[in-house]
Amino acid sequence: MSRQQILTLIAMASINFSSMICYSILGPFFPNEAKKKGVSQAMIGLIFGIYALCTLVGSLILGKYIVQIGAKFMIVAGLFVSSGCTVLFGFLDQVSDGTVFIVLCLITRCINAIGFSAAVTSSFAVSGKVFPDNIATVLGFMEIFTGLGLILGPPLGGWLYQSFGYEIPFVFTGCLLFATVPLNLWILPNAVPSSQNSFLRLCTRIKILLICFVVFTLSSGLGFLDATLSIFAIEKLNLSAGSVGLLMIGLSLPYGAASPVFGVISDKYPSVRKWMMVVGGMATAVSFCFLGPLPVFHIRSQLWLTVLMLIVVGFSLCMSCIPTFAEMIACAHENGFEEGMSTLGLVSGLFSAVWSAGMFFGPTIGGYITQTLNFEWSAGVQGALAFLAVRKINFRIKAVESYSSKRRCIAQLRVHGDLVTCTTDIPVQSPLGFFFVFILK
């Protein structure tokens, strides 16, 4: 490993760690604090979800223009904006209750999300550029620091909140994130410009869309837990804010611990990536159904069961998530996209956007279902989404591969000495070609 690769790993690790701490400190205490200011459960979900919605929009736009803007500048500027907004969010408890508090929360979260999307989208692209042959291994390594940030964020936020009040958790983590700005400014490489590729062309690849749906269900589950788990644990399990922070370690610890293992497996055995997504998705579906658990099981909510299911969710989400980015890059290259920063920017932008779409859907829809019904049914909906993703990735990709194989065989047959050709030019990877496969099946 070269010196530049080592420095890039350090930079990416610092971004993942500090960003995830800033993101995850809200979970243990903010929902309860917002309820004291007259904010409903559905609106709390929107405050969490608006962050992901703005990240979605920012990721698509910034991923498209990463070559013109510059990956290094996007990372540094994004970290600066995100750190400032994190500090500002810590002073919102001083404003009046109700509408003013809600509006300022939404505005601050929106600006914070734009900065976050710039940093994360660029970091994925830079990682793919510096480590073109080991991207899944590198992402697995970086997810260790993502997991560490998610592990330390909730208990740290809960402890700082209980010890010093509402402001200090945000001021401390915002300053920590700001410290990464000069570090990344110094050690990140300057990307070499490359030609542009089409975002629309990338999004019309069926395999890409299927993987995006898997990513959507994964992030939806995480976003749902961020917005609803703390209130469920406080009201149903009688836990304090500090204990809720420790409870969330059950989700993030197995995720961070298993990431490098699945990263190595994904790089060494690319053929198993699909099955990693299938098995991980099935485990995620089952664990969400028993997290509440669903009322149809007639099982009472218990702390040990909640902890066990959170551990399974963390492990299974990691198994499903790690191979997705590498598989999207491979699919882009298979469909004629060049191996350059432009393609990496498009793929990382799409990945971040879909992830953010799930992070918006999970808290908002999950918060509404929780308010209308309860946490148990809302968790079951997340499990159903994960199961649907498993079914799609397992059967539809298999159908596409089968149809593609049959076309190649038929094209090689000779009838009366003449080569048989297809009567249509519909590509199997196009939406119309995939619809044809769907109808035949």
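The values are calculated or read from the model by the stated rules, or taken from the named source; none is laboratory data. Because the structure is predicted, anything quoted here is derived from the model rather than measured. All Cβ positions, glycine included, derive from the backbone under ideal geometry; neighbour counts span all protein chains shown. Note: areas computed on protein heavy atoms with side chains; ligands, DNA, RNA excluded. Shrake-Rupley method; radii C 1.70, N 1.55, O 1.52, S 1.80 Å.
When you look at A389, is it part of a helix (DSSP H, G or I), open to solvent by less than 20 Å² (accessible area, probe 1.4 Å), among the aliphatic types (A, V, I, L, M) and at pLDDT below 85, yes or no? The answer is yes for A389.
Identify all residues within segment 1-57 that are among the basic types (K, R) and at pLDDT 80 or above; write none if there are none. Hits for segment 1-57 are K35, K36, K37.
The residues on offer are V261, V279, and the sole one that is open to solvent by 30 Å² or more (accessible area, probe 1.4 Å) and farther than 20 Å from G147 by Cα is V279. Is it true that T8 is farther than 23 Å from S252 by Cβ, open to solvent by less than 20 Å² (accessible area, probe 1.4 Å) and not assigned by the TED database to the domain that holds S230? So T8 passes the test.
If you filter segment 86-101 down to residues that are in a helix (DSSP H, G or I) and touching a helix residue (DSSP H, G or I) at 6+ places or on another chain (Cβ under 6 Å), you find that the one that is farthest from T173 (Cα to Cα) is L92.
Taking the criterion of being closer than 25 Å to K36 by Cβ and among the charged types (D, E, K, R), the residues of segment 70-112 that qualify are D93, D97, R109. Filtered by the rule that a residue be open to solvent by less than 10 Å² (accessible area, probe 1.4 Å) and hydrophobic (A, V, I, L, M, F, W, C), segment 40-66 gives I44, I47, F48, A52, I66.
Whether any residue in segment 98-115 is at pLDDT below 80, more than 23 Å from W186 (Cα to Cα) and out of contact with any Lys or Arg (no Cβ under 6 Å at 6 or more places or on another chain) is what I want to check. Scanning segment 98-115 turns up at least one residue that is at pLDDT below 80, more than 23 Å from W186 (Cα to Cα) and out of contact with any Lys or Arg (no Cβ under 6 Å at 6 or more places or on another chain). Of the candidates S342, S316, the single residue that is touching a Ser or Thr at 6+ places or on another chain (Cβ under 6 Å) and modelled with pLDDT under 80 is S342.
Condition first: in contact with a Ser or Thr (Cβ under 9 Å, 6 or more places away or on another chain), surrounded by fewer than 23 Cβ atoms within 10 Å (Cβ to Cβ) and within 24 Å of S252 (Cα to Cα). Can you find one or more residues in segment 24-31 that meet it? No: zero hits.
Checking S271, S266 one by one, the residue that is closer than 18 Å to A136 by Cβ, assigned to a helix (DSSP H, G or I), open to solvent by 40 Å² or more (accessible area, probe 1.4 Å) and at pLDDT below 85 is S271 and no other.
The set of residues in segment 123-178 being among the hydrophobic types (A, V, I, L, M, F, W, C) and closer than 20 Å to N112 by Cα consists of F124, L150, I168, F170, V171, F172, C175, L176, L177, F178.
For segment 302-347, a residue qualifies if it is open to solvent by 10 Å² or more (accessible area, probe 1.4 Å) and hydroxyl-bearing (S, T, Y), but none of them does. Of everything listed in (1) open to solvent by 40 Å² or more (accessible area, probe 1.4 Å); (2) at positive phi; (3) of a type outside the set (A, V, I, L, M), the single unmet condition for G70 is (1).
Cβ separations smaller than 7 Å between residues 6+ apart or across chains give the following pairs from segment 35-57 residues that are in the same structural domain as V95 (by the TED database) to residues that are among the β-branched types (V, I, T) and part of a helix (DSSP H, G or I): V39/I102; Q41/T370; M43/I102; G45/T364; L46/T364; G49/T364; C54/I114. Here are some residues: G78, G70. Which one is touching a residue at least 60 places away in the same chain (Cβ under 8 Å) and of a type in the set (G, A, S)? Just a single option satisfies the conditions, and that option is G70. Identify the residue in segment 225-240 that is part of a helix (DSSP H, G or I) and open to solvent by 20 Å² or more (accessible area, probe 1.4 Å) and, among all such residues, is modelled with the lowest pLDDT. In this case the residue turns out to be D226.
The C-beta contact set for segment 146-175 (first residue within 20 Å of R109 (Cβ to Cβ), second residue among the β-branched types (V, I, T) and modelled with pLDDT under 85, distance under 6 angstrom, 6+ apart or interchain) comprises G149/I21; G153/I21; G153/I25; G157/I25; P169/I25; T173/I21; T173/I25.
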